[in-house]
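Have a look at the structure below before the remarks.
The values are calculated or read from the model by the stated rules, or taken from the named source; none is laboratory data. This one's a predicted model, so the numbers in the text were calculated from it and none came from an experiment. Cβ placement follows ideal geometry from the backbone for every residue including glycine, while neighbour counts extend to all protein chains displayed.
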């Protein structure tokens, strides 16, 4: 039985929610990561993903200018940097350097992969759509990478940045 | 350490993936549900969600014509109908009737809620974007409903429609 509620009360039931880290090269040449919970695949052929980025975020202009980005799926061992990348701004900080996060060069785009992530997808920006206080960027996957080791993806499992790894079958 | 792979191999690591059921009134007056794994919130204020629907799906034209839809979050007890709504077409079947799924009327739009879901969001279609073999529909939430009982959301936890409820914190 359903009872009408505020949107906020319904939204609190959404968890677990997946997490990705989008990384793009900023105009100064720094690779800037941002943690995002709002992401979905949106095409099989060609493979495409949609990410939603807040109007005020530094990454918005960075990705728009770079026209390409890496989507990394953080592992259950990357809680600290996932929180750091989501709560600090690349306007003030070199987040990858400050967190000491190991990276590898991307292959098809000017970007970096997160070495310890579950997987990394190299994407070319193909379109964007303004949606309220966020912009959807659609990226086409042009290269994919997986970790040598089997790892569980990291998820937000509750309010206030509760992160936890969840197993797949 | 990352090693380059096919997209398919990387994609197999994406689970768990959330599930929603989008329901819209078709031109004949039938409320037609479709199960989707490709969905994300995309605005806080106003609250908006993006869903991605295949170019060939019956629901594509249905939602485009109705200009409104309900997004239900199925619970861990709704595995059978979640599979049924995702693998049958509303072109041939009255899915809600055939599955015997209990519904309630929506309040703000011409739609129905899934009575036994974790939550239901009533959405008005505000824009769309073609992305490869799927179309993104963006809906603004105009009413929200939650189940009286606390329930776990249903997730796809592995290939071939492995569904499982996952707890939140």
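For the reader, a short list of remarks on this structure follows.
- Wholly enclosed strands (runs of 3 or more DSSP E) of segment A:1-93 bearing at least 2 residues touching a residue at least 40 places away in the same chain (Cβ under 8 Å), surrounded by 15 or more Cβ atoms within 10 Å (Cβ to Cβ) and more than 14 Å from every other protein chain (Cβ to nearest Cβ): A:20-25, A:31-36, A:68-73
- Options A:66, A:50, A:97: the member that is under 24 Å from residue A:147 (Cβ atoms), touching a strand residue (DSSP E or B) at 6+ places or on another chain (Cβ under 8 Å) and at pLDDT 95 or above: A:50
- Residue match in segment A:137-148 (condition: facing another protein chain (nearest Cβ under 9 Å), out of contact with any helix residue (DSSP H, G or I) (no Cβ under 7 Å at 6 or more places or on another chain) and on the phi > 0 side of the Ramachandran plot): no
- Of everything in segment A:94-106 that is in a loop (DSSP other than H, G, I, E, B) and away from chain B (no Cβ under 14 Å), the residue that is nearest to residue A:63 (Cα to Cα) is A:94.
- Test: residue in segment A:107-124 that is surrounded by fewer than 21 Cβ atoms within 10 Å (Cβ to Cβ), within 23 Å of residue A:164 (Cβ to Cβ), within 7 Å of chain B (Cβ to nearest Cβ) and modelled with pLDDT of 95 or more: yes
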